[in-house]
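Q: My questions all concern the structure below.
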Amino acid sequence: MTDTVISDPSMDDSAIGRARVAESADLAAYYEKLESFGAGALWTVANEIEPWYPQPKSIPMLWRYEDMRPLVVESASLVKGSDAGRRVVYLANEGRRDVAAAVGLLYSGIQIMNPGESMTAHRHAASALRFVMEGSGAWTIVNGDRLEVGPNDFAITPGGTWHEHGNSADDNFVIWQDGLDIPLINALDAGFYEVHPDLYQVPGKVVNTSILTHGSGVLKPAKRSWNKAYSPLLGYPWEQTREAVVNLSKVSEGTEHDGVIMEYVNPVTGGAVMPTMGAHMQMLAPGFTSKSHRHTGSVVYHVAEGSGHSIINGKRFDWKEHDIFVVPLWAWHEHHNDNQEKPAFLFSFNDFPMINSLALHAEEEFDSNGGHQDIG
Ligand SMILES: [Fe+2]
Ligand SMILES: [Fe+2]
């Protein structure tokens, strides 16, 4: 647990090498002078801004779909889509309300669209992804490619692409989860936002063009040229995804921390789908119990199928379909499928591409107690 690290004597702030200047009246006066010139003494803030190990403000949280769904449905009659822009209930981490993050620098929300409703087109610097929760008839147009998506399908709306979406069904809501890197973009002060000059895009003739072009999984178009920073494949159907993970489970037990886990991939690079966010689908076999680990990078989980529980920093979170929970950076976590007959599937998205591109990856295994945390 974290306590074992805190008790490490080398992490004592009174040690040589850490800032340990005693306060005095002379220094207080000196600090005031510095402040008046727009400056400060590093040793007054050094230990706080350079912690021994990561100190995320986010806390582990779980949002139960049975709690959230009625609230989301209520918004459908309270607010017009055309007024809200996007009718979304966002998930506010108690430690990150200041930046509207679900965890770390990742935003997430649950969006609802009424039958026949459509939202106007816009684009922004932030990248977005969707994981469809319920309803038929969901569509999105990304840079002119109309994607039609159903429950548990995954779709991306990379930063800078024009996008709009809607619900073509006559009689059901569409509800999906949004994931964006808005808090990151804002932390970098790099946000742009633009409403489409015509309000709506004119879609290309063939629906799901990107999937038809890039989504076979085993073949690529000859002479494919693609130099953008994100995947040319914009949609990842659930059936194909589930089958791929189940197939892998036939030949591999997967990892001891995640079970059978696969990454949604940019078919051109083999890497993550977007420069700032990646996504996975993992299967926990019936009765599977993972061992704990912790790592840099924040993760938002969405229960695609099944039920079980996760232990995050010593706290147990029971989950079932369409519950959403978050694992803050450097939090110990392990996952358990409590069902002895059925597998559980967890969708997740993360900021790993950013962490990795900045060479900040770090990971630690929980090696005591057979790899399992005590529940505090
Ligand atoms: Fe958007
Ligand atoms: Fe993990």
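The values are calculated or read from the model by the stated rules, or taken from the named source; none is laboratory data. From a predicted model like this one, the values you see are computed outputs, not experimental measurements. With ideal geometry, Cβ positions are generated from the backbone for all residues, glycine too; neighbour counts draw on all protein chains shown.
Q: Considering segment 169-184 alone, what residues qualify as being under 10 Å from ALA126 (Cβ atoms), hydrophobic (A, V, I, L, M, F, W, C) and more than 12 Å from ligand 1 (Cβ to nearest atom)?
A: Within segment 169-184, just LEU184 meets the criteria.
Q: From the list GLY166, GLY150, GLY160, exactly one residue is free of Cβ contacts under 8 Å to residues at least 40 places away in the same chain and more than 10 Å from ligand 1 (Cβ to nearest atom). Which is it? Show your work before the answer.
A: Details: GLY166 fails: free of Cβ contacts under 8 Å to residues at least 40 places away in the same chain; GLY150 fails: free of Cβ contacts under 8 Å to residues at least 40 places away in the same chain.
After applying the criteria, what remains is GLY160.
For every residue, the table says whether it meets (1) buried (at least 22 other Cβ atoms within 10 Å of the Cβ); (2) out of contact with any strand residue (DSSP E or B) (no Cβ under 7 Å at 6 or more places or on another chain).
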position: GLY104; (1), (2): yes, yes
position: PRO115; (1), (2): no, no
position: GLU134; (1), (2): no, no
position: ASP153; (1), (2): no, no
position: HIS163; (1), (2): yes, no
position: ASP171; (1), (2): no, yes
position: TRP176; (1), (2): yes, no
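Q: Could you please find all residues in segment 165-198 being more than 26 Å from MET133 (Cα to Cα) and not β-branched (Val, Ile, Thr)?
A: Correct list: ASN186, ALA187, LEU188, ASP189, ALA190, GLY191, PHE192, TYR193, GLU194, HIS196, PRO197, ASP198.
Q: In the set ALA92, ALA46, which member is under 30 Å from ILE312 (Cα atoms), small (Gly, Ala, Ser), at pLDDT 95 or above and surrounded by 15 or more Cβ atoms within 10 Å (Cβ to Cβ)?
A: Details: ALA46 fails: surrounded by 15 or more Cβ atoms within 10 Å (Cβ to Cβ).
When all the criteria are applied, what remains is ALA92.
Q: If you don't mind, another one. Could you go through segment 348-357 and let me know if any residue there is buried (at least 21 other Cβ atoms within 10 Å of the Cβ), within 16 Å of ligand 1 (Cβ to nearest atom) and either under 14 Å from the mean Cα position of the chain (by Cα) or on the phi > 0 side of the Ramachandran plot (or both).
A: Yes, the conditions are met somewhere in segment 348-357.
Q: For segment 312-324, enumerate the residues that are surrounded by 21 or more Cβ atoms within 10 Å (Cβ to Cβ) and more than 19 Å from GLN55 (Cα to Cα).
A: TRP319, HIS322, ILE324
Q: Checking the structure you have, find out if any residue of segment 251-262 is within 16 Å of ligand 1 (Cβ to nearest atom) and in contact with a helix residue (DSSP H, G or I) (Cβ under 9 Å, 6 or more places away or on another chain).
A: Scanning segment 251-262 turns up no residue that is within 16 Å of ligand 1 (Cβ to nearest atom) and in contact with a helix residue (DSSP H, G or I) (Cβ under 9 Å, 6 or more places away or on another chain).
Q: Next up: Look at segment 287-302 and say how many of its residues are more than 12 Å from ligand 2 (Cβ to nearest atom) and without any contact (Cβ under 8 Å) to a residue 60 or more places away in the chain.
A: 2
Q: Further question on the same structure: All but one of (1) within 30 Å of ASP178 (Cβ to Cβ); (2) free of Cβ contacts under 8 Å to residues at least 60 places away in the same chain hold for TYR65; state the number of the condition that does not hold.
A: It fails just one condition, (2).
Q: Something else: Restricting attention to segment 194-211, does a residue exist that is loosely packed, with under 11 Cβ neighbours inside 10 Å and farther than 21 Å from GLY166 by Cβ?
A: No, every residue in segment 194-211 fails to be loosely packed, with under 11 Cβ neighbours inside 10 Å and farther than 21 Å from GLY166 by Cβ.
Q: Still on this model: Taking segment 270-294 as the search range and keeping residues that are under 17 Å from PHE349 (Cβ atoms) and surrounded by fewer than 22 Cβ atoms within 10 Å (Cβ to Cβ), which one is nearest to ligand 1 (Cβ to nearest atom)?
A: PRO275
Q: Same structure, new question: Can you report the number of residues in segment 1-27 which are loosely packed, with under 10 Cβ neighbours inside 10 Å, modelled with pLDDT of 95 or more and either in contact with a Gly (Cβ under 8 Å, 6 or more places away or on another chain) or not in a loop (DSSP other than H, G, I, E, B) (or both)?
A: 2
Q: So which residues in segment 69-108 are free of Cβ contacts under 8 Å to residues at least 12 places away in the same chain, away from ligand 1 (no atom under 16 Å from the Cβ) and among the hydrophobic types (A, V, I, L, M, F, W, C)?
A: LEU78, VAL79, ALA92 - these are the residues of segment 69-108 that are free of Cβ contacts under 8 Å to residues at least 12 places away in the same chain, away from ligand 1 (no atom under 16 Å from the Cβ) and among the hydrophobic types (A, V, I, L, M, F, W, C).
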